[in-house]
Structures are given as structure tokens and as C-alpha cells.
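Since every read-out is calculated from the coordinates, none of them should be taken as a lab result. In this text, all values refer to a predicted model and were calculated from it rather than measured experimentally.
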């Protein structure tokens, strides 16, 4: 279904924004500016992956997880809403 739009009340700036948005949609680009992230090399990805795996292994071997008798209750307590500093309820 094609809809028509009455643009008689729009400013030139609004019309230009609409045109840019439509052009970007036609080009299959985002209508909003985006920031490109740097592309990670294979070596950087491998090093980062190894660091993450090492960190997880150290957590598994630590006594931290064993020190929590009820993980569900612990998580519920950690996620409980707290009042913000300097704000009284």
C-alpha cells in the first residue's frame, strides 16, 4: 500500500532531511549517521579470545564461585535496586 504525504506545511529543511533519509534507505544505508568500528585482525581476535578464555579459567579455579551458597539469591541481591547517592526517597 502506498501512502501519500501532504508536504505543503513542511519547511525546506524538513524536506531536505526527508530526501536524505529516503536516499539512504534506497541505498540500504542507515538514515542516521553511524560510527564505524575498527576492523579487528585475525591476530588481535586470537589474542583477545585467549585472554577471555584465560580469565574464565581463572574464575573457574577461584574460590569465589564456591563461596556463594545460593547463586540465585546472590544474583537477586546484587541486582536489587538501590537508592542513588545524594537522593533521598
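Worth pointing out:
- The reciprocal of the average 1/r between distinct C-alpha atoms defines the Kirkwood hydrodynamic radius, which for the chain equals 20.3 Å.
- Cα-based helix-to-principal-axis angle, 42-61 vs the chain, degrees rounded to 10: 40
- Compared with the alpha-carbon gap, the fully stretched path from residue 83 to residue 53 is longer by 7.3 nm at 0.36 nm per residue.
- Length available on full extension from residue 75 to residue 45: 0.36 nm per residue minus the Cα-Cα distance, which gives 7.7 nm.
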